[in-house]
Amino acid sequence: MNATLYSLRGVRQSYNGRPALDLDELDIPERAILGLAGHNGSGKSTLMRILAFLEDPTEGTVSYAGRPAGTHAAALRREATLLTQEPYLLKRSVLGNVAYGLKLRGEDSRERAEEALDMVGLAPAKFARRSWRELSGGEAQRVALAARLALRPRVLLLDEPTNNLDQESAGRIKDAALAARTAWGATLVVVSHDLPWLHAVADRMVVLSNGRIQP
């Protein structure tokens, strides 16, 4: 059995006094694929932001790899990356977008960026020089995912990444996400409207309602 990567205890989050999340406990093992389901406003995106170390809970503790996350949040953001359903791309080429994070880290970027483009089914020879303006919605989302895969994150958080995408792009994103676990042992947490696929690939499903895990 894999070691626990995330351990959440008594985690509660409120916005302007309104509760958004109320979790007694949640453990996520390393290399797991956790599926998250629930209606809009059930707390899924709030939980994803907490797991990405983008916000701290109002109450409770979040431990990561056995350490309290709150005191190391800035460093831990290098280990977990979040992809939402609205891709944000820089005003530059496809390769420039995918290699950007690697360059910030001072790492060799081109080969890793091209590998990531291959993972999402965008041939570098065809897409590397293409402008961000020339991409379809599905292609833009695949580029956004490639930019995260190029970093080889320990945790890949996907919040409705295939919503409103064409069938090919949705399939490529799903395949690339699963390949991340195979290639370097990534842990995945996935919110998806495609429940049959989510049930098929997830090691565990968690259903949220009004911020709480349903039995």
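The values are calculated or read from the model by the stated rules, or taken from the named source; none is laboratory data. In this text, all values refer to a predicted model and were calculated from it rather than measured experimentally. Reconstructed Cβ throughout: ideal geometry from the backbone, glycine too, with neighbour counts over all protein chains shown. Accessible surface is based on the protein model in full, side chains and every heavy atom, while ligands, DNA and RNA are left aside. Shrake-Rupley method; radii C 1.70, N 1.55, O 1.52, S 1.80 Å.
Scan Arg148, Arg181, Arg112 and give me the residue that is within 26 Å of Trp197 (Cα to Cα), surrounded by fewer than 21 Cβ atoms within 10 Å (Cβ to Cβ) and of a type outside the set (A, V, I, L, M).
On the way: Arg148 fails: surrounded by fewer than 21 Cβ atoms within 10 Å (Cβ to Cβ); Arg112 fails: within 26 Å of Trp197 (Cα to Cα).
Unique residue meeting the criteria: Arg181.
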Residues being within 17 Å of the chain's Cα centre (by Cα), over 15 Å from Val189 (Cβ atoms) and part of a loop (DSSP other than H, G, I, E, B) - total across the stretch 27-76:
1
Can you run down the residue pairs with Cβ atoms below 6 Å, 6 or more apart or on separate chains, where the first is in the stretch 8-21 and in contact (Cβ under 8 Å) with a residue 40 or more places away in the chain and the partner is open to solvent by 90 Å² or more (accessible area, probe 1.4 Å)?
Arg9/Glu25; Arg12/Glu59
Odd one out for Pro153 among (1) within 22 Å of Ile50 (Cα to Cα); (2) modelled with pLDDT under 95; (3) crowded, with 18+ Cβ neighbours inside 10 Å:
(2)
For the stretch 83-106, enumerate the residues that are part of a helix (DSSP H, G or I), surrounded by fewer than 19 Cβ atoms within 10 Å (Cβ to Cβ) and not aromatic (Phe, Trp, Tyr).
Lys103, Leu104
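Quick one: in the stretch 107-124, which of the residues that are among the charged types (D, E, K, R) and assigned to a loop (DSSP other than H, G, I, E, B) is modelled with the lowest pLDDT? If you could, list the steps in order and put the result at the bottom.
If we filter the stretch 107-124 for residues that are among the charged types (D, E, K, R), which is where we start, we get 107-108, 110-112, 114-115, 118.
Pick out the ones that are also assigned to a loop (DSSP other than H, G, I, E, B) and you get 107-108.
Values: Glu107: 85, Asp108: 75.
Within the stretch 107-124, the match that is modelled with the lowest pLDDT is Asp108.
For Arg129, state whether it is charged (D, E, K, R), open to solvent by 90 Å² or more (accessible area, probe 1.4 Å), without any contact (Cβ under 8 Å) to a residue 60 or more places away in the chain and not in a helix (DSSP H, G or I). If you could, list the steps in order and put the result at the bottom.
Numbers: charged (D, E, K, R): yes; open to solvent by 90 Å² or more (accessible area, probe 1.4 Å): yes; without any contact (Cβ under 8 Å) to a residue 60 or more places away in the chain: yes; not in a helix (DSSP H, G or I): yes.
Spelling it out, Arg129 is indeed charged (D, E, K, R), open to solvent by 90 Å² or more (accessible area, probe 1.4 Å), without any contact (Cβ under 8 Å) to a residue 60 or more places away in the chain and not in a helix (DSSP H, G or I).
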Being free of Cβ contacts under 8 Å to residues at least 60 places away in the same chain and more than 13 Å from Asn210 (Cα to Cα) is the filter here; which residues of the stretch 25-45 pass it?
Glu25, Asp27
